Each structure stands twice: as structure tokens, then as C-alpha cells.
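Accompanying notes for the structure given below.
The values are calculated or read from the model by the stated rules, or taken from the named source; none is laboratory data. Remember, predicted model here, so these are calculated numbers, not experimental data. With ideal geometry, Cβ positions are generated from the backbone for all residues, glycine too; neighbour counts draw on all protein chains shown. Surface accessibility is based on the protein's heavy atoms, side chains included, excluding ligands, DNA and RNA. Shrake-Rupley method; radii C 1.70, N 1.55, O 1.52, S 1.80 Å.
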Amino acid sequence: MTGHDPHQVNRRKFLSAAGGLAAAGMSSNALGAPDGKSPDDRKVQLNNPQVGQPVSQTAKARDGKPLVPEPPPKKLGYCIVGLGKFGVQQILPSFAQAEHAKPVALVSGDRDKAEAIAAHYDISSKSIYNYDNFDDIADNDEIDVVYIILPNAMHAEFTIRAHEAGKHVLCEKPMATSVEDCQQMIDAADKANRKLMIAYRVQYEPYNMKVIEWSRSQKYGPLQMIVSDTVLDIGGPNQWRLSKKLSGGGSLMDIGIYSLNATRYITGEEPIAINAMKRQNENDPRFSEVEQSILFQLQFPSGVMGNCSSSYSTAEVNRYCAMFQDGWIKLDPATTYTGHRFYHGSGKKEEQLFLEHVSHFAAEMDHFAEAIKNNSEVRTPGQEGLKDVKYMRMIYEAAETGKTVKVS
Ligand code: NAD
């Protein structure tokens with residue numbers, strides 16, 4: 001593998017990589033910005049008030065009248081439900097990069113913490129709720145979207161309540177702990193005539209989007225197999241992720257879902273058969289309720305196979321390799337928050353691809369806000385979340401019975 005550090009990629013290197021792509025006959029969109037614009041397009045638009053202006057306004061300016069720029073796009077208001085590690089450390093800071101989304105309300109069981117965070121993000125105290133008075137969000141017109149960042153087993157209840165309050169919902173992965181709960185969430189969205197999106201941030205991340213693009217265009221010929229591993233050190237015993245009631249399962253529900261979802265977005269297919277083995281680890285009391293490690297294999301209609309693993313172990317492993325008839329693509333790490341590395345090649349020749357960093361958290365929230373504004377389809381709707389939950393239940397069934405589960 002080449003030894004470049006993506007954090008050290010400077011602008012000259014990036015442009016040279018972009019030029020290389022252009023020379024290879026790829027459009028600027030091939031640079032992988034989540035909204036179809038290249039990262040450079042985004043910069044130009046942000047820095048130049050004339051880009052995107054109606055023709056009439058430009059004409060007025062030529063007539064000597066003052067040029068009055070269009071107001072910036074209206075940002076939709078997000079209500080963040082659950083001020084845990086992910087919400088506070090990743091999501092809230094990412095609004096700074098969002099063009100169409102802003103935080104306007106918080107839901108927490110800890111009023112002092114919520115007050116401190118609200119002050120930091122200029123959110124009114126009146127827009128702080130707890131889990132009991134949550135339904136009062138119905139009266140807050142500033143809130144367009146409710147973003148659920150709670151333990152897995154609470155996703156269904158708060159998604160349904162948010163839809164009943166007339167709000168659109170962005171819900172963290174995994175969508176819920178059962179297929180029945182997923183279906184009720186989808187039904188609640190339909191009944192309220194509101195949108196439901198599952199926060200599969202990786203599907204808004206440029207390197208992963210590039211893998212999808214190259215897989216679909218068969219840059220290296222037909223896809224043959226995907227291997228993917230996710231391993232994380234889960235830490236101490238007192239956490240909801242180790243409670244089956246709150247998590248719905250162990251490493252599979254939490255991180256193995258990234259491998260499962262990757263096999264589906266890289267192939268663009270749904271699995272037809274599943275094998276699995278799991279280990280709870282009787283020697284470690286943290287895993288008395290949920291599995292520590294799981295191996296699973298997927299077969300797709302085209303013949304492509306996926307070989308995946310997840311584990312709450314001491315290593316940090318986060319990678320996949322897609323093997324095609326004439327070459328391969330490796331992402332390592334593949335689904336981390338930052339620092340993705342993309343290697344590809346054929347035979348012994350290996351290259352590293354560099355794309356400019358884009359906040360995929362902001363891209364995801366912007367995508368949802370734009371879909372609401374334009375009433376367009378979301379890329380990762382409730383059905384996408386339901387499918388993963390259905391396959392994860394089948395993976396557990398295959399592991400428990402020792403038999404191949406055919407997907408009906
Ligand atoms: P966390 O434990 O840090 O935060 C959970 C929040 O829920 C806390 O604020 C906690 O107070 C609150 N909560 C309310 N009722 C609770 C209860 N009964 N038990 C425990 N906590 C309760 O967890 P997190 O890491 O922020 O994860 C939250 C959700 O976000 C999960 O669904 C997880 O899968 C998802 N997540 C997604 C990503 C991603 O990259 N997309 C990353 C991390 C977490």
C-alpha cells in the first residue's frame with residue numbers, strides 16, 4: 001500500500017488528483033460530493049454571491065442598479081433527541097458545515113446539560129424538552145426535523161411520537177430492534193404525511209460514494225466478492241449497548257450493520273441467502289446478554305458473495321475490499337468519522353485516490369432538509385433501515401440454528 005496520509009493532502013495534490021480523473025474521462029461529479037456538486041463547485045458558490053443568481057439580477061447590475069444578492073437558503077430547524085456522545089461530539093458541531101440545516105431544539109433528561117449546550121448553539125431555553133413533555137414539540141414551529149440519537153430500542157417510540165407531532169424524522173441506525181417496530185415507524189410517517197430517513201451517514205461520504213459509482217460503472221468489470229470487518233473496543237460493562245433490551249443485540253446491531261449495509265450499497269442488490277456463526281464469550285461478563293463477535297456470509301442474486309465480521313474486541317478494525325473481475329477497491333478505514341483511505345488497483349499495481357474532505361454528517365442533514373424542501377425522495381428512507389434490521393434478525397437466526405437462511 002502507498003504510504004500517504006490523507007490528512008496531509010494539500011490543495012495542489014487534490015487538484016492534481018482531480019485532473020487525473022478528468023483525464024480519465026470522469027466528470028467533476030466523479031469527485032464524489034454528496035449533492036452531486038464537486039467540492040470545488042460548493043466553494044465557488046459559497047464565496048461568490050453572483051454564482052446561481054437569476055439572469056435578471058445580473059442584468060440589473062449591468063444597468064447600473066445595485067446588485068442585491070439572493071438571501072441564503074432557508075435552513076430547516078432540527079431538534080436533537082438525546083445528548084449522548086454521538087449527538088454532542090459529532091452531530092451538533094457538524095451543523096457549522098450545513099447549508100440547509102440548523103439546530104433549534106434539544107431533548108434531554110438532563111436539564112443542566114441541555115441548558116449549557118443550548119447556550120453554546122444559541123438555542124432558546126424554551127426549546128429544551130425532556131422525554132415526558134417531548135410531545136409539546138408539536139407547538140414549536142421552528143422544528144421541522146426531529147433527529148433521534150437514542151439507544152436503539154427507543155428509536156421506534158420517539159420516531160412515532162415525533163411523526164404524531166407533525167414532524168419529519170431523521171433516525172439513527174439501526175432503525176429499531178425489530179422488523180415490526182420498523183414497519184410501525186414507516187406507517188407513522190405515511191399517516192402523518194411526513195418523511196422518515198435513516199441516518200446511514202456513510203452513504204453520504206465521498207469515498208464510499210466513489211466505490212458505489214465505480215461498482216455501478218464496472219470500472220474494474222463485474223463485482224465478484226466483498227470482504228468486510230468491523231471491530232471496536234467497546235469499553236466498560238455499564239452501557240446500554242451491552243443490554244439486549246436496549247440494543248437489540250451486540251456488535252452486529254452496532255457496527256456489523258456497517259458491513260451489511262456496505263455489501264448492499266456496493267452491489268445494489270438484496271441478499272438471497274445468509275449463513276452465520278456467533279460467539280457471546282462466556283469468559284467475559286460484559287457479554288452475558290449480547291454477542292461479542294459474529295461472522296456472516298451473504299449471497300446475492302448476481303452471484304456476488306459477502307464475507308463479513310464484527311466484534312467488540314480490543315483492536316480497531318474498519319475496512320472492506322470489493323473484488324472485481326479486473327481489479328479491486330479497498331477502503332481502510334472505510335466507515336470511520338474521518339480519515340477514510342481509498343486504494344484501488346489491478347494485479348500488483350495499487351494506487352491511492354484522494355478526495356477533498358467533506359463533512360458527511362452535514363451532507364446527510366442537508367440531503368434530508370433539501371428532500372423536505374423539494375418534496376423529493378430521500379436516499380436512505382425507512383425501507384432501507386427496515387431491510388437491514390430484517391437481514392440482521394436473519395443473521396441471528398442463521399447463527400442460532402446453524403442453517404442457511406433463505407431470504408423470502
Ligand atoms: P450514548 O450512550 O452516548 O447516548 C445515548 C443518549 O440517550 C444519552 O444522552 C442518554 O442519556 C440518552 N438516554 C435516554 N434514555 C436512556 C436510557 N434508558 N438508557 C440509556 N441512555 C438513555 O449513545 P450514542 O453513542 O450517542 O448512540 C446513540 C444512537 O446513535 C444509537 O442508536 C447508535 O447506534 C447511534 N450512533 C450512530 C453513529 C453513526 O456513526 N451513525 C455513531 C454512534 C452512535
### Flag for MET392 being within 30 Å of PRO72 (Cα to Cα), within 16 Å of the ligand (Cβ to nearest atom) and not in a loop (DSSP other than H, G, I, E, B)
no
### Task
Kindly establish whether TYR200 is open to solvent by 10 Å² or more (accessible area, probe 1.4 Å) and not aliphatic (A, V, I, L, M).
yes
### Summary
How many residues of region 65-121 are touching a helix residue (DSSP H, G or I) at 6+ places or on another chain (Cβ under 8 Å) and within 17 Å of ASP141 (Cα to Cα)? The answer is 15
### Message
So, in region 221-263, exactly how many residues are out of contact with any Pro (no Cβ under 9 Å at 6 or more places or on another chain) and acidic (Asp, Glu)?
### Response
2
### Condition check for ASP122: among the acidic types (Asp, Glu) and on the phi > 0 side of the Ramachandran plot
yes
### Message
Residue pairs, Cβ under 9 Å, 6 or more apart or interchain, first in region 260-287 and on the phi > 0 side of the Ramachandran plot, second acidic (Asp, Glu). List them.
### Response
ASN281/GLU291
### Message
One residue is enough: does region 61-81 have a residue meeting the conditions over 14 Å from PHE368 (Cβ atoms), under 21 Å from the mean Cα position of the chain (by Cα), open to solvent by less than 20 Å² (accessible area, probe 1.4 Å) and not assigned by TED's automatic domain parsing to the domain that holds THR338?
### Response
yes
### Query
Restricting the search to region 330-348, which residues are in contact with a Ser or Thr (Cβ under 8 Å, 6 or more places away or on another chain) and part of a strand (DSSP E or B)?
TYR343
### Query
Which members of region 315-368 meet the condition of being closer than 19 Å to ILE91 by Cα and either more than 15 Å from the chain's Cα centre (by Cα) or surrounded by fewer than 20 Cβ atoms within 10 Å (Cβ to Cβ) (or both)?
THR336, TYR337, THR338, GLY339, HIS357
#### Entry: So ALA189, is it touching a strand residue (DSSP E or B) at 6+ places or on another chain (Cβ under 8 Å), outside the structural domain of TYR258 (by TED's automatic domain parsing) and more than 16 Å from the ligand (Cβ to nearest atom)
yes
### Task
Considering each of ALA398, ALA371, ALA363 in turn, give the residue that is among the small types (Gly, Ala, Ser) and in the same structural domain as GLY221 (by TED's automatic domain parsing).
ALA398
### Task
Identify the single condition in (1) at pLDDT below 95; (2) among the acidic types (Asp, Glu); (3) touching a helix residue (DSSP H, G or I) at 6+ places or on another chain (Cβ under 7 Å) that GLU364 does not satisfy, given that it satisfies every other one.
(1)
### Query
Any residue in region 57-73 that is within 16 Å of the ligand (Cβ to nearest atom) and either assigned to a loop (DSSP other than H, G, I, E, B) or at pLDDT below 95 (or both)?
no
### Task
Count, please, the residues in region 203-218 that happen to be among the hydrophobic types (A, V, I, L, M, F, W, C), open to solvent by 30 Å² or more (accessible area, probe 1.4 Å) and touching a residue at least 60 places away in the same chain (Cβ under 8 Å).
1
### Query
Any chance region 175-183 includes a residue that's surrounded by fewer than 23 Cβ atoms within 10 Å (Cβ to Cβ) and over 29 Å from ASN375 (Cβ atoms)?
yes
### Query
Picking from PHE342, PHE324, PHE300, which residue would you name as being over 30 Å from ASN281 (Cα atoms), without any contact (Cβ under 8 Å) to a residue 60 or more places away in the chain and in the same structural domain as GLY249 (by TED's automatic domain parsing)?
PHE300
### Message
Test of understanding: among ILE123, ILE160, ILE149, ILE117, which residue is surrounded by 22 or more Cβ atoms within 10 Å (Cβ to Cβ) and touching a residue at least 24 places away in the same chain (Cβ under 8 Å)?
### Response
ILE149
